[in-house]
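Encoded as structure tokens, the structure appears first; notes follow it.
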Amino acid sequence: MAEPPGKTNQKFTKSDRILKREAFRRTYEGGKKYQAKYFTAFVIPNRQESSRLGITVTRKTAKAVDRNRTRRLVREVFRKNKWRVPPGVDIVINVKGTLTSAGFDDLEGDFVEFLKRAK
């Protein structure tokens, strides 16, 4: 793991994101799948020093406003807990419909639990 929260860079830059369809597909096909209460995560090692995050929220999950809110929540949880994420992995989060009614603390707890299982 990286440094404690006070000393780490808490930005969520473009290099922290999975943007290409090919990277999403590679993570789905070759990654390890983890179920959580609010999301399903796929994790695969990447060839970089930093970890990256990809988020998918389907249309059947909720209306656009709620989908955007869930994306913001997931990005914020990743940004605040980036120091807990092992370096050199790609994580794709598929949001479940239950996340639309959850708060930040609920999602953060679920994310930290997922990271403990994914080690």
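The values are calculated or read from the model by the stated rules, or taken from the named source; none is laboratory data. Since this is a predicted model, take the numbers as computed values, not measurements. We place every Cβ from the backbone using ideal geometry, glycine too, and count neighbours over all the protein chains shown.
If you go through segment 96-114 and pick out every residue that is modelled with pLDDT under 95 and crowded, with 20+ Cβ neighbours inside 10 Å, you end up with 1. For segment 82-100, a residue qualifies if it is out of contact with any strand residue (DSSP E or B) (no Cβ under 7 Å at 6 or more places or on another chain), assigned to a helix (DSSP H, G or I) and touching a residue at least 40 places away in the same chain (Cβ under 8 Å), and the qualifying residues are K82, W83, R84, T98.
Just one of the listed residues (R117, R71, R67, R79) is assigned to a helix (DSSP H, G or I), surrounded by 14 or more Cβ atoms within 10 Å (Cβ to Cβ), touching a residue at least 40 places away in the same chain (Cβ under 8 Å) and not acidic (D, E), and it is R79.
Scanning segment 25-47 for residues that are buried (at least 17 other Cβ atoms within 10 Å of the Cβ) and part of a helix (DSSP H, G or I) yields R26, T27. If I filter segment 48-64 down to residues being charged (D, E, K, R) and part of a loop (DSSP other than H, G, I, E, B), which single residue comes out as farthest from R117 (Cα to Cα)? Here the residue is K63.
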